[in-house]
Amino acid sequence: MNANNIMPFQLNGQPYTKPALKQFAEQQLAQKLVSWERELFQFIVEWLSDDEHITAHTSGSTGAPKAIQLNKKQVRNSALMTANYLGLGKNSNALLSLSANYIAGKMMIVRAIENEWHLWANQPSNMPLKDIADKRTIDLVAWVPSQLKAMLDMNDPELDLRIQRIGTIILGGSPVLPNLAERLQSFPNRVFETFGMTETISHIAMRRLSGPDAQDTFETTDPDIILGQDDRDCLVVIAPALAHQPVVTNDIVEVKDDRHFRWLGRVDNVVNSGGIKLFPEELERKIQPLLAQRFFLAGVADLQLGQKLVLILESPQLNLKEVEHHKETLRAALTRYEMPREIFAVSQFEETATHKVNRTETLKKHGLS
C-alpha cells in the first residue's frame with residue numbers, strides 16, 4: 001500500500017486511510033443527510049479527488065460571493081503552516097463546528113487530514129460543545145466570534161470551564177469586539193483572532209487575545225510571508241506558498257515590522273469628512289461597549305463636508321430623547337471630529353451569506369446611500 005494511504009487520521013473516533021475515507025464519504029452521500037453532513041462529505045470527496053484544485057467561495061463582505069479555484073498544493077501548505085505555527089503534532093484533536101461550504105470549515109478538514117489529526121465534526125450552531133463528550137480533550141477549534149460569545153453569555157461555570165480546557169481557540173470571520181476580547185484575556189488557554197480571507201486560503205496572521213502574551217497586532221503565521229502596502233495603505237500579501245500572485249486586500253493596516261501589523265478597517269468603509277479620514281471599524285471598537293444593540297458607522301453624502309459620519313442602529317424607530325441620550329453616551333468615548341453627525345434606526349440589518357452585516361445593502365435598502 002502506498003505510504004500516503006497509511007495514516008492515523010480519525011473522523012468522529014473512526015480511523016481511515018485516505019482511500020477508505022473517500023469511499024466512506026461517497027457512501028454517506030448516497031444516504032439522506034442533513035445539510036451540514038452533506039457539506040462535510042462533499043468536501044471530503046472533493047479534497048481526496050484527483051483534481052488539482054478545490055472550489056471555494058468568497059464571503060461576500062464587499063460584494064456578491066464568488067467562486068474561486070484554489071490549488072490543492074497551496075491549500076495543503078496553509079494547513080501545514082497553521083499546525084506548525086500552533087505547535088500541533090500528529091493525533092491532535094480538532095473540533096469542526098463550521099460549515100464546510102466556506103473556507104474556514106474546509107480548512108479545518110484539510111488540516112485534520114493532512115496533519116493526521118482526529119477530527120470531531122458536529123452541527124454548526126451557537127452551542128458547538130453540546131454534542132462533545134465532557135472528558136474529551138480538544139486541542140484546536142475554529143469558531144466565529146458569535147459562537148464563543150453565545151456560550152459565554154450563558155454564564156454557565158461548567159461550560160466556561162470546558163471552553164477553557166480547549167488547548168487553542170482561533171476566531172475568524174468577523175472582528176473580535178473589545179468586550180469579548182476583554183473577557184478572553186484572563187483565559188488560561190490560547191485564544192487567537194485570525195486575519196485572512198478565501199484568497200489567502202484562510203488566515204495568514206493571528207493575534208493572541210489571552211494571557212500575558214496578548215497582542216494588539218497580528219503576527220504572520222510564517223516568516224516567509226511578506227507584508228506590503230499599496231498607495232491606499234491597504235495590505236498586500238506576498239506568499240508564494242499560498243498564492244501565485246500577490247494578494248491585494250481592501251484592508252487598511254499599519255505595518256509595524258516584517259511580521260506584525262495592526263488592522264484599521266476596510267478601505268471601502270473609510271469616511272472622508274471635510275478632509276478628515278475616519279475609520280469606522282476603529283471607532284466602532286471604541287463605542288462597542290456603550291451600545292447594547294447591533295450597529296455600524298458609515299459615511300453618507302453631505303453637501304458641506306463631502307461625507308458625514310452617521311451611526312446606524314438596529315433598533316425600532318428612535319424618538320428625539322433617545323437620540324440625544326445616545327449622543328451623550330458617545331461623547332464619553334469619541335472626540336468632536338469622531339462624533340456621528342446623525343443617528344438612524346433601522347428595524348433589521350441586511351446580512352451576507354455568512355451572516356456578516358452587509359453595510360452597503362443596509363444603507364441602500366433604507367435610502368441612506
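Would you indicate which of [x] 135, 37, 26; [y] 74, 46, 43; [z] 69, 41, 39 is the value of Cα extents along the principal axes in Å derived from the coordinates of this structure? Checked against the structure: label [y]. Partners of K256 within straight-line reach, counting aspartates and glutamates whose Cα lies under 14 Å from its Cα and excluding those fewer than 8 residues away in the same chain: D216, E219, D233. Look at the alpha carbon pairs under 8 Å that are at least 6 residues apart: their mean separation over the length of the stretch 270-365 gives a relative contact order of 25 percent. To the nearest Å, what is the center-to-center distance of the stretch 214-246 and the stretch 308-369, using C-alpha atoms only? Cα centroid to Cα centroid, the span is 32 Å. Each label was represented as a point 7 Å from its Cα along the Cα-to-Cβ direction; for Q164 and S146 these points are 2.7 nm apart. Provide the FRET efficiency to the nearest 0.05 for the K356-A20 pair, computing r from the beta carbons and using R0 = 56 Å. For K356 and A20, the calculated efficiency is 0.90.
Relative contact order of the stretch 3-266: 13 percent, from C-alpha pairs under 8 Å at least 6 residues apart in sequence. Residue pairs exceeding 19 angstrom between C-alpha atoms, taken from K32/K66; K18/K106; K286/K364; K22/K106: K32/K66; K286/K364.
Summed over qualifying helices (DSSP H, 4 residues or more, each -39500 (n - 2.57)) and divided by its residue number, the chain shows a 222 nm mean residue ellipticity of -8000 deg cm²/dmol.
Comparing Cα centroids, the stretch 67-99 and the stretch 167-198 end up 18 angstrom apart.
Between H366 and N91, the C-beta separation translates, for a Förster distance of 51 Å, into a calculated FRET efficiency of about 0.45. Couplings 3J(HN,Hα) for the stretch 175-185, derived from phi with the Karplus relation 6.51 cos²θ - 1.76 cosθ + 1.60 (θ = phi - 60°), are x, 7, 6, x, 5, 6, 4, 5, 5, 7, 4 Hz, where x marks Gly and Pro.
Taking 15 Å as the straight-line reach from the Cα of K73, the aspartates and glutamates in range (excluding those fewer than 8 positions away in the same chain) are E46, D50, D51, E52, E114, E199. Which percent, nearest 5, of DSSP beta bridges in the stretch 3-266 are antiparallel? Looking only at bridges with both residues in the stretch 3-266, the antiparallel portion is about 65 percent. Springs between alpha-carbon pairs under 10 angstrom, Gaussian network model over the chain: which of R111, R232, R165 fluctuates most? Top of the fluctuation ranking is R232.
Overall shape: rounded for the stretch 270-365, with the ratio a/c of the largest to smallest alpha carbon gyration tensor axis below 1.5. The label point for E314 and the one for T137, both projected 7 Å from the Cα toward the Cβ, are 3.9 nm apart.
Readers should treat all values here as calculations from the given coordinates under stated rules, not as data from a laboratory. Please read all numbers here as calculations on a predicted model, not as lab measurements. Note that each Cβ is placed from the backbone with ideal geometry, even for glycine, and that neighbours are counted across all protein chains shown.
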